[in-house]
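For reference, the structure discussed in these notes is given below.
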Amino acid sequence: QVQLVESGGGLVQAGGSLRLSCAASGSIFRINDMGWYRQGPGKQRELVATITSTKNTNYADSVKGRFTISRDNAKRTVVLQMSSLKPEDTAVYYCNAELRRTYYGTFAYYWGQGTQVTVSS
């Protein structure tokens with residue numbers, strides 16, 4: 001069993017900051033990419049940021065310069081530091097990890113349950 005558990009969502013005013021954390025636990029052999037996605041009201045889920053196991057990062061254009069993704073490989077955690085938040089950042093944020101459960105297993109994607117971020121104007 002593999003679990004991705006997010007924390008840190010909430011309500012914040014425009015211009016404020018929030019920090020999202022995600023911890024992977026369970027039977028895990030190796031984790032490749034980790035990332036954050038979001039789904040706003042009436043919208044499709046979209047990529048926010050990803051980070052490889054060697055800590056190369058990728059960001060959506062809409063969050064570049066405002067959000068920072070980081071990870072701790074030993075702790076199997078990924079963090080999204082969000083600043084200068086805008087009302088359009090309001091969404092449910094999902095943690096994602098590409099991981100392999102055993103040495104001979106194949107990589108598969110796993111998702112957290114999501115955490116709500118609401119930015120008021």
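The values are calculated or read from the model by the stated rules, or taken from the named source; none is laboratory data. Remember, it's a predicted structure, so these values are computed and weren't measured experimentally. Glycine gets a Cβ as well: all are built from the backbone with ideal geometry, and neighbour counts include every protein chain shown. In case anyone asks, the SASA skips ligands and DNA or RNA and just uses the protein heavy atoms, side chains included. Shrake-Rupley method; radii C 1.70, N 1.55, O 1.52, S 1.80 Å.
Just a few scattered comments:
- Screening ASN73 against (1) within 12 Å of ALA24 (Cβ to Cβ); (2) within 14 Å of the chain's Cα centre (by Cα); (3) among the polar types (S, T, N, Q) leaves a single unmet condition, (2).
- Of all the criteria given as (1) within 14 Å of VAL117 (Cβ to Cβ); (2) open to solvent by 30 Å² or more (accessible area, probe 1.4 Å); (3) free of Cβ contacts under 8 Å to residues at least 40 places away in the same chain, the one not satisfied by LEU11 is (3).
- Pairing residues of segment 43-68 that are within 15 Å of MET82 (Cα to Cα) with residues that are open to solvent by 80 Å² or more (accessible area, probe 1.4 Å) and of a type in the set (Ser, Thr, Tyr), at Cβ distances under 8 Å and at least 6 apart in sequence or on separate chains, gives no pairs at all.
- Restricting attention to segment 70-115, the residues that are open to solvent by less than 70 Å² (accessible area, probe 1.4 Å) and without any contact (Cβ under 8 Å) to a residue 24 or more places away in the chain add up to 3.
- Hits in segment 26-54 (condition: farther than 27 Å from THR118 by Cα and either open to solvent by less than 60 Å² (accessible area, probe 1.4 Å) or hydrophobic (A, V, I, L, M, F, W, C) (or both)): GLY26, SER27, ILE28, PHE29, ILE31, ASN32, THR52, SER53
- Any chance VAL12 is touching a Leu at 6+ places or on another chain (Cβ under 8 Å), under 13 Å from TYR93 (Cβ atoms) and among the hydrophobic types (A, V, I, L, M, F, W, C): yes
- Considering residues of segment 16-55 that are out of contact with any strand residue (DSSP E or B) (no Cβ under 9 Å at 6 or more places or on another chain) and of a type outside the set (Ser, Thr, Tyr) only, the residue farthest from ALA74 (Cα to Cα): GLY42
- Of all residues in segment 55-68, those being among the hydrophobic types (A, V, I, L, M, F, W, C) and open to solvent by 10 Å² or more (accessible area, probe 1.4 Å) number 1.
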